[in-house]
Amino acid sequence: MGPDGAPGPSVPWQKVLWERQPFPDNYVDQRFLEELRRNEGIRQYRYWTVVKEAGFVGQQLSCVAIFISLWLYMEQGLLSPETLLWSSLVCALLGYGLYQSLSSQVESGCEPRTRLADLQSAAIFLSFTFGFSPVLKTLTESVSTDTVYAMSAIMLLAHLVSFPYTHPSPPGSLSLNAALFASVCLASRLPGALHTFAMLSCALMVFALWPCLLQRVRDIAPTHFTGVCLGVCVGGVGGLGLQSPGGAVLLALALGSVTLLCPLLLVRLQRHKDNIQGPWDEAEIHEDLDHGRGT
């Protein structure tokens, strides 16, 4: 039966191009839809699995809120730079020890970094940051405060949008640079150079080191990953709530939307997915080119 509903000739139709047949070019028989395949290879999502994966997005949003809360405390004189530096040092040492203990459970073909190399990297960064803190403190003196706040908000938003949530270790260059740029802008509005140094050191730990540790926790101890993300989210809402209750409410609504509502919408919309494949699709080459090149 052709597409126009007229019966075809008695000659059997063949799906070939090199042989002339008494059929119109757009003719197909009743076997055309026998090879129809629907939603082939579609991944079926489970709600709580998606919620668990969305926890990484929620905790990163909470990390930004925690960083802003620490800046507000320092800007208002409620947190001294010495306290922030010592707290950051203790957290960095504890996180490094946990990272090393988790790394010892992973077998890797490449040679791991030595502790001496890690110490050298940390010393170089801290030395340069401490030396350039007076310069960074006066970097945005000629820029209005409103412009600095607007640039910081845009850069933190760019950090959240460009963050590689699937594999955040190490963080993406665009995401990390945007977060550090926002940190420099905010730190330049603090009272002294030591405040700037403490704020930038904290920014490195929050935006560069913490995602690497959390990725390792997700890979090695997935049962603890959800609890860690939940704790970070609670800390972000609580810390921001002491400074701005309205901001804490907005953050809680954003976290609920990202971690609970969006996964629900994704799972619900899966039932409406209708992807069809059939003989009309283009041919796909499944040849292993790397294997052929190696031989």
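The values are calculated or read from the model by the stated rules, or taken from the named source; none is laboratory data. Small disclaimer: the values here were computed from a predicted structure and weren't measured. Glycine also receives a Cβ, built like all others from the backbone with ideal geometry; neighbour counts cover every protein chain displayed. Keep in mind that these areas ignore ligands, DNA and RNA; they rest on the heavy atoms of the full protein, side chains included. Shrake-Rupley method; radii C 1.70, N 1.55, O 1.52, S 1.80 Å.
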Exercise. Can you name the helices (runs of 4 or more DSSP H) wholly within the stretch 65-177 that have at least 2 residues being open to solvent by less than 50 Å² (accessible area, probe 1.4 Å) and within 16 Å of SER201 (Cα to Cα)?
Worked result: 81-103, 115-137
Problem set entry | Any pair with Cβ under 9 angstrom, 6 or more apart, that starts in the stretch 249-276 at a residue that is under 14 Å from GLY55 (Cβ atoms) and ends at one that is open to solvent by 90 Å² or more (accessible area, probe 1.4 Å) and charged (D, E, K, R) | PRO263/GLU53
Problem set entry | Selection within the stretch 21-64 - among the polar types (S, T, N, Q), more than 30 Å from LEU200 (Cα to Cα) and either in contact with an Asp or Glu (Cβ under 6 Å, 6 or more places away or on another chain) or not in a loop (DSSP other than H, G, I, E, B) (or both) | THR49
Exercise. Would it be correct to say that LEU194 is among the aliphatic types (A, V, I, L, M), in a helix (DSSP H, G or I) and surrounded by fewer than 16 Cβ atoms within 10 Å (Cβ to Cβ)?
Worked result: no
Exercise. Are there any pairs, at least 6 apart or on different chains, whose C-beta atoms fall under 6 Å, with the first in the stretch 114-142 and free of Cβ contacts under 8 Å to residues at least 24 places away in the same chain and the second surrounded by fewer than 14 Cβ atoms within 10 Å (Cβ to Cβ) and not hydrophobic (A, V, I, L, M, F, W, C), and if so, which?
Worked result: none
Problem set entry | Residue satisfying all of: in the stretch 226-260; within 15 Å of the chain's Cα centre (by Cα) and either open to solvent by 40 Å² or more (accessible area, probe 1.4 Å) or not β-branched (Val, Ile, Thr) (or both); farthest from LEU79 (Cα to Cα) among these | VAL258
For this session: State which residue pairs qualify: first residue closer than 14 Å to GLU53 by Cα and inside the stretch 217-233, second residue in a helix (DSSP H, G or I) and open to solvent by 40 Å² or more (accessible area, probe 1.4 Å) in any location, beta carbons under 7 Å apart, and separation of 6 or more residues or different chains.
Result: VAL217/HIS224; VAL217/VAL228; THR226/LYS52
For this session: Check the stretch 221-234 and report whether any residue there is farther than 19 Å from ILE154 by Cα and in contact with a Pro (Cβ under 7 Å, 6 or more places away or on another chain).
Result: no
Seminar exercise, completed: From the option list PRO263, PRO279, single residue qualifying as open to solvent by less than 70 Å² (accessible area, probe 1.4 Å), over 13 Å from GLN59 (Cβ atoms), at pLDDT below 90 and not aliphatic (A, V, I, L, M) is PRO279
Exercise. Out of the stretch 9-47, which residues are of a type in the set (Phe, Trp, Tyr) and loosely packed, with under 10 Cβ neighbours inside 10 Å?
Worked result: TRP18
